[in-house]
1. With the crude spin-label approximation of a point 7 Å out along Cα→Cβ, what separation in nm comes out for residue 36 versus residue 167?
2. Evaluate Rg over Rh across region 90-183, taking Cα atoms for both radii and Kirkwood's formula for Rh.
3. Return the sequence-ordered ³J(HN,Hα) values of region 82-91 in whole Hz as given by the Karplus equation 6.51 cos²θ - 1.76 cosθ + 1.60 applied to θ = phi - 60°, using x for Gly and Pro.
4. Listed highest first by mean packing, meaning other Cβ atoms within 10 Å per residue, what order do 31-41, 139-149, 160-170 come in?
5. Going highest first, how would you order 72-79, 95-102 by mean Cβ packing within 10 Å?
Amino acid sequence: MPILYAPLFTEENPETLLNFIAKNPGAHQEIEAVFRAAKSHPGAPISTLEQTNPLVLELVNENILRAPAIVSSGGAQSFAFAPFKTTHPRAILEKARIILSCVRYGEGYSSITKISDPSAILKGLRDRKMIGRTPHSNIQSQYAAAANMGVGWIEPENGRFRFRLYDTEDNLAAVDLAIAMCSGQSEDVSSSLLLPAEVKGYFSRSEPGGLLLPEANRTRARGVIATRKLDPKTSTASRLGRALLDDLRGIHRVIK
């Protein structure tokens with residue numbers, strides 16, 4: 001049986017993805033390819049991904065794939081992000097995606113000067129609290145989305161602009177997360193499913209299998225697990241029923 005749900009594909013409720021798969025039978029491999037491409041290159045342009053897999057647009061329209069849009073001198077462009085396992089609040093994760101999207105825009109679509117090293121730009125934002133040591137005319141529009149999210153503000157200077165960071169704890173965490181994504185990371189170290197001692201303890205047991213819940217989710221899961229529902233009208237629900245729901249709710253079944 002193909003894997004229909006894993007942290008690679010969704011960060012929260014997987015029902016939307018499962019229902020989408022049920023409506024598009026046989027598309028699992030195409031969906032997986034889209035997410036793997038977004039994971040290997042966080043902030044990959046949607047316009048590039050759709051050249052090899054048109055299904056990406058449907059995933060964006062269904063809000064299954066995160067794809068912030070940036071509008072600047074090269075027109076409107078959207079950038080794809082696979083789920084990122086982190087213990088940070090969602091607001092910080094979304095800020096990180098917006099920050100990286102703004103930089104990716106400059107990397108591929110700026111009509112004047114393109115960014116050659118996005119990681120250096122992000123590290124400069126963290127260390128100097130600004131982008132545009134030399135003011136640039138595109139910064140006002142290119143970083144407007146980040147300004148709108150409260151990450152920073154646009155500073156004018158003689159008809160050109162800098163982006164200045166509001167150096168709050170949350171914004172600095174978002175910049176660090178954007179740097180991690182840009183370097184190819186797909187999760188925080190602190191978000192790993194189990195501590196080494198827990199893994200050793202589980203696999204040293206004599207039982208043939210059991211249930212493991214990611215540590216970061218355990219407290220929250222107790223409160224929300226009973227509220228999760230899968231659309232009973234889909235073929236996925238009718239075929240796999242309750243056993244699948246257990247897996248989708250964040251319970252990881254491990255069988256020796």
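We did not get these values from a lab; they are worked out from the coordinates using the rules stated. The model shown is predicted, which means the values in this text are computed figures rather than measured ones. Note that we place each Cβ from the backbone using ideal geometry, even for glycine, and neighbour counts take in every protein chain shown.
1. The modelled label-to-label distance comes out at 4.2 nm.
2. Taking Rg over the Kirkwood Rh, I get 0.93.
3. 6, x, 10, 6, 8, 8, 5, x, 4, 4
4. Peptide ranking by packing, descending: 139-149, 31-41, 160-170.
5. Highest mean packing first, the order is 95-102, 72-79.
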